[in-house]
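Engineer: Before I ask anything, here is the structure I am working with.
The values are calculated or read from the model by the stated rules, or taken from the named source; none is laboratory data. Since we're looking at a predicted model, the values are computed, not measured. Reconstructed Cβ throughout: ideal geometry from the backbone, glycine too, with neighbour counts over all protein chains shown. When the accessible area is computed, the model is the full protein with side chains, heavy atoms only, and any ligands, DNA or RNA have been set aside. Shrake-Rupley method; radii C 1.70, N 1.55, O 1.52, S 1.80 Å.
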Amino acid sequence: RQIVVNMAATGNEEQTLLPDIEEEAEGMEREMDSEEEEEEGMGVEHSEEEDEEDTSEDERENEAEIQRLEEQLSINVFDYNCHVDLIKLLRQEGKLHRLRKARQKMSELFPLTEEIWLDWLKDEIRVTEDESDREKVYELFERAVKDYVCPEIWLEYVQYSIGGMGAQGGIERVRSIFERALTAVGLHMTKGATIWEAYREFEIVILSTLVSETPKLAEYQAYIDFEMKEGDPARVQIIFERALAENCLVPDLWIKYTTYLDRQLKIKDLVLSAYERAVRNCPWTMGLWKSYLLALERHEADHQTMTDVFEKALNAGFIQATDYVEIWQSYLDYLRRRVDFKWSRELDELRAAFARSLDYLKQDVEERFSESGDLSCTIMQIWARIEALHCKNMQKARELWDSIMTKGNAKHANMWLEYYNLERSYGDASHCRKALHRAVQCTSDYPEHVCDVLLNFERVEGSLEDWDAAVQKTETKINRVNEQRARVAEKEALQARQEEEKAEHRRKAKADKKGQKKSQKANRTGDKRKAEDEYEEEWGEDAELPSKRLRGEEDFGSTATEELMETESGLFGRRAPPRKTEPPGFRKNQQRSSEALRQLQDASKEPRKDENSVFVSNLAFNLDDPDGKLRTLFQGCGTVQQVRPVFSMKGVFRGYCYVQFEDRLAVPEALKLDRQEVDGRPMYVSPCVDKNKNPDFKVFKYKTAMEKHKIFISGLPYTCTKETLEDLCKQHGTVKAIRLVTNRSGKPKGLAYVEYENEAQASQAVVKLDGTMLENFTLSVAISNPPGRKMEDKGAPSRLLGAAMPRQPQGARGKGRTQISLLPRSLYRQSTPDAKAENGTVSAPHTTSLSNEDFARMLLKK
């Protein structure tokens with residue numbers, strides 16, 4: 001073949017000899033192959049014996065070499081190559097114990113290479129049997145990753161940790177090792193990608209086993225909160241993006257995300273991009289537009305961009321009028337911050353924007369919502385303060401405040417005081433005096449407070465003539481206000497008497513109806529007795545009626561017992577009526593009904609000492625053992641002589657009782673337990689007074705007149721506590737007491753009384769707190785002026801008049817046959833509604849009844 005090749009290379013022209021030469025070469029090759037096969041066949045017979053001899057000889061040689069290397073290391077322990085050769089020989093011979101010692105000794109002297117560590121780790125992993133051995137391998141990996149930055153060792157480490165993820169905390173351990181591996185070798189140019197790929201595959205497998213459906217918003221919220229606590233910005237951002245991809249129309253989620261970016265990352269492109277997406281997904285949310293404007297200003301966006309975003313916000317379609325007020329305020333704040341008041345260009349633009357905002361609210365917003373959304377004229381107040389503070393233009397500020405007062409704000413004291421403070425800061429004493437005089441004349445909600453401010457001002461600034469004029473004006477105002485309040489109180493009293501007359505009429509009608517039922521029952525009893533007489537006449541005097549046999553002849557000495565037995569047995573063998581549903585605790589109370597009756601009879605023999613007793617009411621009907629529970633409750637007040645719980649004839653507790661002490665000094669201590677909660681209800685404790693002997697005694701312990709040092713708060717959330725209310729009110733003065741109003745079952749009504757140290761603090765609290773928000777509830781705050789108690793009218797004529805009124809015909813359900821008034825509206829005489837009076841109540845209009853002569857006179861006029 002070589003000849004053929006040479007001939008082909010030299011371009012020999014004798015190509016005709018090629019076939020013969022090739023055949024000859026092939027024959028020679030066949031002869032050589034047959035000779036080699038014969039030689040191999042002869043050697044097979046001796047191979048096994050030779051292998052055994054070679055193996056034993058190799059072992060002896062390796063052992064001798066191992067001993068030589070160990071002796072050499074004993075002479076020079078820092079011979080690196082000798083260590084490497086020894087480890088290779090020991091691993092080849094499979095001497096694990098000696099190999100481990102050799103590797104341990106070398107690792108103490110030198111950092112091991114990646115190959116040596118991988119061989120060592122794989123050998124140890126191969127012989128691992130239980131969990132304790134796994135911990136030793138983990139320790140070995142920790143030693144290995146400290147020598148060099150080796151991606152292969154980290155990859156082996158994470159793969160080995162995945163095998164132990166079934167143990168407690170195994171998944172967290174795997175993630176921790178992956179995170180460390182990414183930190184160490186994640187940026188390795190050629191091998192770092194393998195760690196990322198392994199980590200991704202691991203998380204995909206975990207996710208496939210845990211997530212069966214798309215996470216809900218609440219789950220995303222919990223996940224976001226967890227990641228925000230951990231503080232990794234990249235993880236927080238990606239979970240926000242995942243949540244928004246599936247909940248893009250949730251404004252709160254966008255607000256939370258943009259706030260995080262704005263406060264934590266502060267990267268311009270990232271922040272502005274998030275805001276742009278947010279307002280496109282939720283354009284109706286004013287808070288997003290407002291924050292967007294602030295973010296643009298914070299990142300120094302140009303004026304044209306700010307204006308374009310603001311114009312888009314005005315066309316976004318907010319859902320309430322106040323949203324437009326807030327977005328205008330944000331834009332005006334931006335314009336004010338960019339004004340250099342030494343130059344007129346930006347100032348003119350600011351004034352034009354203020355004027356445009358007022359026109360926009362008056363026209364566009366009022367046309368859509370029927371209100372401007374700025375009842376307190378906040379934008380005009382800000383404009384007036386800017387004119388006074390920065391531009392020194394008090395004339396323009398006064399014109400703005402005149403416009404504010406003409407929009408229905410002149411009756412509010414806080415508006416006048418705001419204007420007075422502006423004049424006090426930037427105006428002069430003459431305009432301050434004029435403003436306070438107008439305030440005294442126009443204020444209708446808190447005239448006393450405005451009068452006090454005027455008098456204090458004249459004490460400091462005014463002359464004697466000014467003082468006299470102020471005193472005269474304030475006295476006239478206070479007298480007029482007192483007259484108005486007296487008329488309102490008289491009207492309230494008249495309405496209360498009318499209501500009482502109606503109630504008396506209803507009670508009498510109910511009593512008449514009850515009397516009719518009793519008479520009908522008596523008639524039925526007479527018919528029954530007549531039937532019994534006929535029965536005796538027919539069968540003779542010795543005959544015994546079935547009803548008598550059933551009832552028996554014994555006298556039980558109790559009408560209630562006879563009625564009970566009569567109901568159970570029935571009359572003339574008729575079936576008894578069905579029993580009513582038993583109240584809770586009825587059977588237990590029924591078992592001791594006879595005992596309770598005997599106790600009442602024994603107690604009635606002893607006169608009750610009212611001066612040593614208290615009356616306890618509003619207790620639960622199903623209160624278990626009222627005697628023992630009340631004794632325990634009142635034993636701290638003094639020695640309890642007796643407790644008299646009141647039961648019905650069927651043994652059901654009626655919810656009130658009398659507690660008598662041995663000493664009258666215990667009564668004041670017992671009264672301190674008033675309103676204490678017992679089984680979830682407030683217990684009422686009052687003095688034990690006989691109303692027949694003391695008809696003028698009043699149990700109500702709170703004042704019903706105006707208390708200028710106390711405020712009345714309504715509109716509170718039902719979850720509001722005393723501590724929350726105290727934190728809110730103590731910012732405006734010293735709080736002496738707080739009382740939350742509850743109903744009889746102990747549930748709050750959303751009302752409260754707060755007592756301050758003096759009248760000035762209470763007035764300040766009213767001005768500052770009225771209209772504020774607490775837990776999304778708008779508070780209404782006023783000086784305490786509770787309505788008068790509805791006491792019974794002692795005059796007999798009114799009762800007789802109410803009793804003589806004709807009764808309204810009743811329908812099938814106990815109400816009037818019609819709920820529609822058949823009287824024409826023109827015949828009603830409605831009283832003019834008065835202004836706001838006691839604690840925010842307004843007297844309702846009422847209709848005056850007309851006689852037949854009045855109807856005839858009105859018809860003749862027509």
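Engineer: With a 1.4 Å probe and all protein chains left in place, how much of the accessible area of the stretch 314-426 comes from carbon and sulfur atoms, in whole percent?
Structural biologist: Details: 2570 of 5810 Å².
Roughly 44 percent of what the probe reaches on the stretch 314-426 is carbon or sulfur.
Engineer: Run the numbers on the stretch 710-783 and let me know its relative contact order in percent, using alpha-carbon pairs under 8 Å that are six or more apart. Mind showing how you got there, number by number?
Structural biologist: On the way: 131 pairs, mean separation 31.1, N = 74.
Across the stretch 710-783, relative contact order equals 42 percent.
Engineer: Which percent of the accessible area of the stretch 710-783 is formed by carbon and sulfur heavy atoms (probe 1.4 angstrom)? Write out the running numbers ahead of the final one.
Structural biologist: Details: 1850 of 3870 Å².
Of all accessible area on the stretch 710-783, carbon and sulfur atoms account for 48 percent.
Engineer: A further question follows. Between Arg485 and Asp79, what length in nm is gained on full extension when 0.36 nm per residue of separation is reduced by their alpha carbon distance? Don't skip to the end; give the middle numbers.
Structural biologist: Working: separation 406, 0.36 × 406 = 146.16 nm, distance 11.03 nm.
The span from Arg485 to Asp79 would gain 135.1 nm if fully extended.
Engineer: Between Glu114 and Lys88, what length in nm is gained on full extension when 0.36 nm per residue of separation is reduced by their alpha carbon distance? The partial results should precede the final answer.
Structural biologist: Numbers: separation 26, 0.36 × 26 = 9.36 nm, distance 1.46 nm.
Here the segment from Glu114 to Lys88 would lengthen by 7.9 nm.
Engineer: Here's another thing I want to ask about it. How many nm is it between the label spots at Lys95 and Arg126, if each spot is 7 Å from the Cα in line with the beta carbon?
Structural biologist: Simple spin-label model gives 1.7 nm for this pair.
Engineer: Just need the relative contact order of the stretch 344-448 here, percent rounded to a whole number, with Cα pairs under 8 Å and 6+ apart. Could the numbers behind the result be given before it?
Structural biologist: Numbers: 72 pairs, mean separation 20.2, N = 105.
Reported as a whole number, the value is 19 percent.
Engineer: Could you list the GluC sites (Glu not before Pro) in the stretch 288-324 that lie in coil according to DSSP, counting only those with at most 10 other Cβ atoms within 10 Å of their Cβ? Write down the numbers at each step before the final one.
Structural biologist: Numbers: sites: Glu297, Glu300, Glu311; in loops: Glu300.
Answer by residue number: Glu300.
Engineer: What accessible area per residue, rounded to a whole number of Å², is obtained for the stretch 710-783 using a probe radius of 1.4 Å?
Structural biologist: Values: 3870 Å² over 74 residues.
With the other protein chains kept in place, the stretch 710-783 gives 52 Å² per residue.
Engineer: Right, here's the next one. Modelling each spin label as a point 7 Å along the Cα-to-Cβ direction, I'd like the Arg631/Arg438 distance in nm, to one decimal.
Structural biologist: Between Arg631 and Arg438, the simple spin-label model gives 7.4 nm.
Engineer: Moving on to the next point. Quote the FRET efficiency, to the nearest 0.05, computed for Lys312 versus Asp340 with a Förster distance R0 of 41 Å and r equal to the Cβ-Cβ distance.
Structural biologist: Values: r = 27 Å, r/R0 = 0.67.
That gives a FRET efficiency of 0.90.
Engineer: Here's a follow-up. Given the stretch 610-687 reduced to its alpha-carbon atoms as identical point scatterers, what log10 I(q)/I(0) does the Debye formula return at q = 0.13, 0.15, 0.25 Å⁻¹?
Structural biologist: Reported log10 I(q)/I(0), two decimals: -0.33, -0.45, -1.21.
Engineer: Taking one equal scatterer on every alpha-carbon of the stretch 332-396, how large is log10 of I(q)/I(0) by Debye at q = 0.14 1/Å?
Structural biologist: Taken in order of the listed q values, log10 I(q)/I(0) reads -0.45.
Engineer: Gap in Å between the Cα centre of the stretch 657-689 and the Cα centre of the stretch 311-355?
Structural biologist: Value for the Cα centre distance between the two parts: 63 Å.
Engineer: Roughly to the nearest percent, how much of the accessible area of the stretch 247-298 is carbon and sulfur, given a 1.4 Å probe? Mind showing how you got there, number by number?
Structural biologist: Values: 1310 of 2530 Å².
Percent of accessible area from carbon and sulfur atoms in the stretch 247-298: 52.
Engineer: Label points 7 Å out from Cα along the Cβ direction at Asp679 and Asp232: separation in nm?
Structural biologist: That separation, rounded to one decimal, is 5.7 nm.
Engineer: Enter the mean projected area of the convex hull around the alpha-carbon atoms of the stretch 144-184, in nm², rounded to one decimal. Provide the component values of the computation, followed by the final result.
Structural biologist: Numbers: hull surface 10.6 nm².
Spelled out: convex hull of the Cα atoms, projected over all directions, averaged, 2.6 nm².
Engineer: Whole number in Å², please: accessible area per residue of the stretch 356-451, 1.4 Å probe, ligands, DNA and RNA not counted. Write down the numbers at each step before the final one.
Structural biologist: Details: 4610 Å² over 96 residues.
Result: 48 Å² of accessible area for each residue.
Engineer: Same structure again: Once the convex hull of the alpha carbons of the stretch 204-282 is built, what does its volume come to per residue, in cubic angstrom? Let's see the in-between values first.
Structural biologist: Numbers: hull volume 7.6 nm³, N = 79.
Convex hull volume per residue, Cα atoms: 96 Å³.
Engineer: Stick to Cα atoms and the Kirkwood definition of Rh, then tell me Rg/Rh for the stretch 710-783.
Structural biologist: Ratio of gyration radius to Kirkwood radius for the stretch 710-783: 0.94.
Engineer: Under a 1.4 Å probe, what is the accessible area of the stretch 622-693 per residue, stated in Å²? Mind dumping the intermediate values first?
Structural biologist: Working: 3910 Å² over 72 residues.
Roughly 54 Å² per residue, with all protein chains present.
Engineer: Contour minus end-to-end for Met773 and Ser617, with contour as 0.36 nm per residue of separation and end-to-end as the Cα-Cα distance?
Structural biologist: On the way: separation 156, 0.36 × 156 = 56.16 nm, distance 3.65 nm.
Separation in residues times 0.36 nm, less the Cα-Cα distance, equals 52.5 nm.
Engineer: Just to check, using Stokes-Einstein with a Kirkwood Rh over alpha carbon pairs, what's the diffusion coefficient of the stretch 153-206 at 37 °C and 0.692 mPa s in µm²/s?
Structural biologist: On the way: Rh = 11.1 Å.
The estimated diffusion coefficient comes to 297 µm²/s.
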